[in-house]
Amino acid sequence: MRGERLGWKDSTSHATQDPWSCSMATISSLPIFPLGVVLYPHERLPLHIFEPQYKEMIRTCMDKGVPFGVVLFDEGATAEVGCTATVVSVVSQYDDGRMDILVEGLQRFRILQLYPENPYITAEVELIAEPLEAPERDLKERAITQHMKLLELAGRTVRPSLYQDVQEVSFVMAHNAGLTLRQKQKVLELPGERDRIAYLVDHFEEMIPRVEQMEDLKRKIQSNGHFQDFPSEGESSEGENDEDT
């Protein structure tokens with residue numbers, strides 16, 4: 001957690017507030033779900049809920065019709081920026097209270113204060129509005145072309161409709177762009193669509209040649225029928241493989 005404003009706050013000063021109150025662009029008490037993933041606005045994410053505090057949190061949010069916040073928890077630290085989410089559907093429910101749910105990201109937020117209240121963490125957050133400025137058309141089309149090429153190299157189905165009628169196409173691309181968790185979080189934290197598109201273009205320009213080299217190497221191995229040309233471990237380039245492309 002970064003900075004004093006992300007520290008734990010005395011819950012007694014918070015207890016008198018309406019836990020669901022929303023003033024201007026802030027939410028006074030948003031239930032927080034720390035996870036090892038980054039959720040983007042409009043992205044759908046399946047979750048298996050099994051811990052008692054989060055079973056209660058999800059039930060409360062569904063009963064009251066309020067969102068909760070998904071925040072990346074990585075290497076013992078909670079990210080400052082997360083995304084509000086709502087439960088789209090309950091896929092399965094079990095006798096012990098566990099459930100499989102499908103959630104959808106809504107809007108980015110920044111944590112102002114965390115509250116260690118039982119049974120689950122809540123936070124005072126400010127919602128992050130999208131800037132009105134749009135990315136340059138040429139740069140946006142370049143990013144889409146690069147993303148389609150990366151998906152093709154990865155053996156994925158390329159669907160042009162994926163990029164149509166989407167408010168923030170950068171989040172669509174970042175979901176399947178071969179980004180590490182830290183890079184995904186970086187995309188979430190960037191101010192707006194223009195910055196995110198520019199970041200992804202730089203990422204694709206660095207990553208696509210590496211993927212192409214790997215494909216050439218695989219073809220060479222298959223055609224040779226042996227591993228004579230396969231580089232030793234010391235010659236292998238360092239890759240960022242902790243996220244699926």
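Derivation of every value follows stated rules applied to the coordinates shown; laboratory data play no part. Fair warning: this is a prediction, and the values are worked out from it, not measured in the lab. A quick note on method: Cβ atoms are made from the backbone with ideal geometry, for glycine too, and the neighbour counts reach across all protein chains shown.
Taking other Cβ atoms within 10 Å as a rough exposure proxy, 27, 121, 208 sort from fewest to most as 208, 121, 27.
Can you sort 64, 140 by how many other beta carbons sit within 10 Å, fewest first?
Details: 64 11, 140 20.
Going from sparsest to densest Cβ surroundings: 64, 140.
For residue 74 and residue 206, calculate 0.36 nm times their separation in residues minus their Cα-Cα distance, and state this gained length in nm to one decimal. The partial results should precede the final answer.
Details: separation 132, 0.36 × 132 = 47.52 nm, distance 2.48 nm.
Fully extending the segment from residue 74 to residue 206 adds 45.0 nm.
Treating r as the C-beta distance of residue 44 and residue 213 and R0 as 51 Å, the FRET efficiency rounds to 0.95.
Rounded, prolate or oblate: which fits the stretch 151-216 when a ≥ b ≥ c are the square roots of the eigenvalues of the alpha-carbon gyration tensor, with rounded for a/c under 1.5 and prolate only if a/b beats b/c?
Details: a/c = 2.19, a/b = 1.29, b/c = 1.70.
In terms of gyration-tensor shape, oblate.
Sort 164-170, 87-93 for me by packing, meaning the mean count of neighbouring Cβ atoms within 10 Å per residue, highest on top. Numbers along the way, then the final one.
Numbers: 164-170: 14.7, 87-93: 12.7.
Top of the packing list down: 164-170, 87-93.
Test of the criteria: in the stretch 33-69, which chymotrypsin sites (Phe, Trp or Tyr not before Pro) are in a DSSP loop and have at most 13 other Cβ atoms within 10 angstrom of their Cβ? Show your work: numbers first, answer last.
Numbers: sites: 50, 54, 68; in loops: 50.
Here the sparse-neighbourhood loop sites are 50.
Say the cut-off is 26 Å between C-alpha atoms; which of 55/186; 149/218; 64/184 go over it? From the list (55/186; 149/218; 64/184), the Cα-Cα distance tops 26 Å for 55/186; 64/184. Loop-located chymotrypsin sites (Phe, Trp or Tyr not before Pro) in the stretch 81-124 (DSSP state other than H, G, I, E, B) with a sparse environment of at most 12 neighbouring Cβ atoms within 10 Å: 94.
If R0 equals 30 Å, the separation of the Cβ atoms of residue 100 and residue 149 corresponds to a calculated FRET efficiency of about 0.30.
Listed from fewest to most Cβ neighbours within 10 Å, the set 103, 158, 187 follows the order 158, 187, 103.
Label zone of residue 89 (point 7 Å out along Cα→Cβ, amide N under 14 Å): in the stretch 46-73 this covers 46-47.
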